[in-house]
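Student: Below you will find the structure I want to go over with you.
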Amino acid sequence: MIQVTTFACGGISLGAFLSHIIFDGPAATTFISSWAALTRKCGEEAGSPNFDASFVFPQSVAYPREATLSALFSPFLKKGICRSMRIVFDASAI
């Protein structure tokens, strides 16, 4: 649902009610931006949206591709004896 409010001073306000089932944040932003571009160009083609994640969220140089959890957290982990243990209960004991 779209609501346009016009004010006596000549200003306008545009309100939009968008269902999250249909629109997430990026989709709503793309829709409204494309709508505005079409309006500014008076009906000319405004272009297609780009939903490629690498375009929307470019890779940060601070986070290299080779990063692994162990490489990222190694400065915070102490090296030493590591033990893992498995405890199994008999079904009748539970």
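Student: Hey, could you check segment 38-53 for residues that are of a type in the set (Asp, Glu) and either modelled with pLDDT under 75 or touching a helix residue (DSSP H, G or I) at 6+ places or on another chain (Cβ under 8 Å) (or both) and say which is nearest to Ala28 (Cα to Cα)? Don't jump to the end; show me each part of the working.
Tutor: First pass over segment 38-53, keeping only residues of a type in the set (Asp, Glu): 44-45, 52.
Subset that is either modelled with pLDDT under 75 or touching a helix residue (DSSP H, G or I) at 6+ places or on another chain (Cβ under 8 Å) (or both): 44-45.
Values: Glu44: 21, Glu45: 19 Å.
It comes out as Glu45.
Student: Please determine, by comparing only the residues of segment 54-94 that are surrounded by 10 or more Cβ atoms within 10 Å (Cβ to Cβ), hydrophobic (A, V, I, L, M, F, W, C) and closer than 30 Å to Pro26 by Cα, which one is modelled with the lowest pLDDT.
Tutor: Per the stated criteria, the residue is Ala67.
Student: So, in segment 75-89, exactly how many residues are of a type in the set (Phe, Trp, Tyr) and in a helix (DSSP H, G or I)? Step through it out loud before you land on a result.
Tutor: Residues of segment 75-89 that are of a type in the set (Phe, Trp, Tyr), as a first pass: 76, 89.
Filter once more, so that each one left must be in a helix (DSSP H, G or I): 76.
Counting residues in segment 75-89 that are of a type in the set (Phe, Trp, Tyr) and in a helix (DSSP H, G or I) gives 1.
The values are calculated or read from the model by the stated rules, or taken from the named source; none is laboratory data. Worth saying up front: this structure is predicted, and the values here are computed from it rather than measured. Cβ sites come from the backbone with ideal geometry, for glycine too, and all protein chains shown count toward neighbours.
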